[in-house]
Every structure is written in structure tokens, then in C-alpha cells.
Amino acid sequence: AVWTQVAMAPRQAPLCGLAPHCLWLLGVILLMDVSARPANHSSARERAGNKEEPEILPPDHLNGVKLEMDGHLNKDFHQEVFLGKDMDGFEEDAEPRRSRRKLMVIFSKVDVNTDRRISAKEMQRWIMEKTAEHFQEAIEESKVHFHAVDPDGDGRVSWDEYKVKFLVSKGHNEQEVVEKIKNGEELKVDEETQEVLENLKDRWYQADNPPSDLLLTEDEFLSFLHPEHSRGMLKFMVKEIVRDLDQDGDKQLSLPEFISLPVGTVENQQGQDIDDSWVRDRKKEFEELIDANHDGIVTMAELEDYMDPMNEYNALNEAKQMIAIADENQNQHLEPEEVLKYSEFFTGSKLMDYARNVHEEF
């Protein structure tokens with residue numbers, strides 16, 4: 001796995017000076033229209049609450065990465081790189097006052113020079129730190145899954161060992177699968193499972209560093225599950241996304257290809273409105289962030305740079321974009337009031353209950 005841990009411990013600032021300046025604004029929390037996408041692409045929180053896929057299958061969603069594995073926008077990206085492991089601390093039913101305090105604690109950590117303003121450089125540093133946090137979390141999870149598919153504990157997992165565990169997770173009998181693989185007999189699996197297996201084997205080959213032996217070490221297995229940890233696997237992930245979205249076979253993406261909607265996502269007018277918003281978001285992402293030279297075409301190299309979670313230039317662009325969303329006084333910084341006002345963008349929490357009761361509280 002090729003990545004560098006960002007070792008920058010955040011400085012904590014006292015919060016006592018923030019409260020008097022912030023309280024007056026707490027009654028006018030805005031409900032920001034965060035980016036939407038078609039209804040069949042659930043958010044990370046919905047996925048966390050409805051895990052049906054086996055853990056040994058590479059995830060469709062990678063925390064802190066801008067696109068899903070199917071090429072669609074990760075609508076939770078900004079919250080993931082702002083909250084890190086605190087993502088679960090801002091559920092819709094959380095106590096608003098506690099959520100507000102937690103948000104201000106995060107603000108103080110981002111505000112390294114304690115001037116009660118967040119600059120683009122401070123936000124960039126924070127984004128890199130939170131991304132590294134997601135990386136570390138993926139490493140720890142991968143270790144657990146690796147040991148689960150390495151029954152003999154020799155530190156290497158063969159394709160056949162993984163294949164057995166994968167098919168068992170799909171409801172097949174383990175002993176029967178082992179016997180058939182051992183005897184070279186054909187395994188009866190449905191067409192969809194067979195296609196998944198073929199795609200997984202391609203990815204397995206890519207993760208298997210030279211000399212290729214179809215045996216993955218713990219580091220190689222991490223690259224298999226989380227391609228964002230390896231430059232070579234990142235290239236492979238980009239190729240897969242381009243293959244899925246590229247309609248004319250030129251191995252690059254035009255704007256119409258990038259914004260094309262999945263079949264069958266629009267069922268009513270409300271769904272159409274959601275999809276229209278989703279298309280606008282993808283168009284903006286394509287034109288302003290991915291298409292670096294603004295020629296109307298996204299190459300694999302441009303997409304690879306965009307997808308790289310540890311790209312510092314991209315992190316700075318994201319920092320500027322996040323500040324621009326809430327920078328009402330146009331000073332290129334974020335103040336506590338602005339972060340609170342646009343809390344839904346940063347945390348997914350609207351803090352509605354507290355807004356209703358602000359006069360009773362103070």
C-alpha cells in the first residue's frame with residue numbers, strides 16, 4: 001500500500017470566547033440544500049444501517065473518496081473529510097445543543113492559530129488529517145477481513161481461499177465448494193455471481209504485486225479491498241469507472257457520459273426533481289473540478305488525480321469550495337457563526353429543534 005500517514009496533531013483552543021459571539025445566531029439556522037442523487041444510491045449512513053453485503057467483498061463506497069466505485073458522486077464526501085470518525089455523532093435524532101457544542105469543538109481543532117477563523121490552508125490541513133484517519137480505519141478493518149479469509153494463518157491468501165469465503169457468504173456450502181475446487185470440478189453459480197467473481201479476479205491480479213503468484217499478502221489484500229491505498233490500484237479503479245461510464249469506447253469521458261442517469265431511477269415528478277439536482281451537481285463537478293484543462297473531456301489521468309484522496313492540491317481546492325459554501329461575509333474564511341448556520345453541509349444535521357426553542361433557551 002502506497003500512502004503516507006499525515007501526522008499532524010490538531011491543536012485545541014479554548015471555547016469560552018466563542019459562546020457570547022455565537023448565541024445570537026443560533027435561532028436562524030439555515031437548512032441547506034445539500035447535493036442529491038438518484039434514489040437508488042443511498043448515503044453512507046443508510047448503508048451503515050443496512051449492511052447486507054458480506055464484509056469480504058470490496059465496498060462500493062470508500063470513505064473520503066469523491067466517487068463511488070460505480071462512478072457516481074459520493075454525496076457524503078464533504079461530511080467525511082470534515083468529521084472523520086465523528087460521522088456517527090451527528091445523527092438526525094441527536095440532541096441539537098450537544099451537536100452544536102461538538103461542532104464548535106471541531107471548529108477549534110481546525111482553527112490552528114486560534115484566531116476564530118478557518119482559512120483555506122487550515123481547512124486543507126484538516127481535510128488531509130481526516131482522510132488519513134479514514135485510511136487508518138480501512139487498514140484496521142482490512143486486517144480483520146484478511147485473517148477471516150486466511151484460515152491456515154500463513155500470512156498469504158490464495159485466490160481459491162478467498163473464492164471459498166466469498167461463495168459461502170453468498171449461501172453456498174463451504175465443504176462442497178472446497179471439494180469442487182480441490183477436484184477441479186465446475187461450480188454452479190448464477191450469472192450475476194459469476195460476473196462478480198470474474199471482476200474480483202481481475203482486481204485480485206492487479207493487487208498481486210510482482211512476482212505474480214495469485215497469493216496476496218496483508219498489504220496486497222488491503223489494496224484489493226481499498227484501491228485508494230495503492231497508486232497502481234487507483235489506476236485500475238479509474239479504468240473500471242471509465243469502462244462503466246464510457247459509451248463510445250474512446251477511454252475518456254465526455255460531459256454527457258459523466259452525467260448520464262442510471263436506467264430506471266425516475267419514477268415520479270419528485271424523483272425527476274431529485275435527478276435534475278443530481279445532474280446539476282455532476283455537471284458542476286465535471287466542469288469545475290475534474291476537467292483540469294477545461295477542454296470538455298475527462299481523461300484517465302485527470303480522473304486519477306481527482307480520485308486520489310491524498311492529493312494535496314485537490315485538498316486545497318476542496319477546502320476553498322467548502323469555505324465558499326458558507327462564507328457569507330466573503331472574507332475567504334469561516335467564522336463560528338457561518339459553520340453553525342450551514343451546519344447541515346458540514347455535519348448532515350439541521351439542528352432544527354434548537355432553532356425553534358432558541359428564545360426559551362436564552
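Once you have the Cα-Cα distance between LYS182 and ASN293, take 0.36 nm times their residue separation minus that, and quote the gain in nm to one decimal.
Difference between extended and current length: 34.7 nm.
Mind grabbing the base-10 log of I(q)/I(0) for region 135-205 at q = 0.15, 0.17, 0.18 Å⁻¹? Debye formula, identical points on the C-alpha positions, no solvent, two decimal places.
Evaluating at q = 0.15, 0.17, 0.18 Å⁻¹ gives log10 I(q)/I(0) of -0.56, -0.71, -0.78.
Hey, any idea what the orientation-averaged projected area of the convex hull of region 74-174's Cα atoms comes to, in nm²?
It is 10.2 nm².
Take each of the peptides 306-313, 148-155, 287-294, average the number of other beta-carbon atoms within 10 Å over its residues, and list them starting from the highest.
306-313, 287-294, 148-155
If we restrict to alpha carbons, what Rg and Dmax does region 189-230 come to, in Å?
Rg and Dmax of region 189-230, Cα atoms, are 11.3, 33 Å.
Using DSSP to define loop residues, name the trypsin sites (Lys or Arg not before Pro) in region 136-222 whose beta-carbon has at most 10 other beta-carbon atoms within 10 Å.
Counting only loop positions with at most 10 other Cβ atoms within 10 Å, the trypsin sites (Lys or Arg not before Pro) in region 136-222 are LYS188.
From the gyration tensor of the Cα coordinates in region 137-256, what semi-axes in whole Å does the equivalent ellipsoid have, largest first, with each one equal to sqrt(5λ)?
Semi-axis lengths for region 137-256 are 27, 20, 12 Å.
So which lysines pass the test for LYS188, namely a Cα distance under 19 Å, with those fewer than 8 places away in the same chain ruled out?
Qualifying lysines at Cα under 19 Å: LYS163, LYS165, LYS170, LYS180, LYS201.
Name the GluC sites (Glu not before Pro) in region 162-269 that are in a loop by DSSP and that have at most 16 other C-beta atoms within 10 Å, would you?
Answer by residue number: GLU185, GLU186, GLU267.
Every number here is computed from the coordinates shown, using simple stated rules; none is lab data. Keep in mind it's a predicted model, so treat the numbers as computed, not measured. Neighbour counts are summed over all protein chains in view; Cβ atoms, including those assigned to glycine, are modelled from backbone coordinates with ideal geometry.
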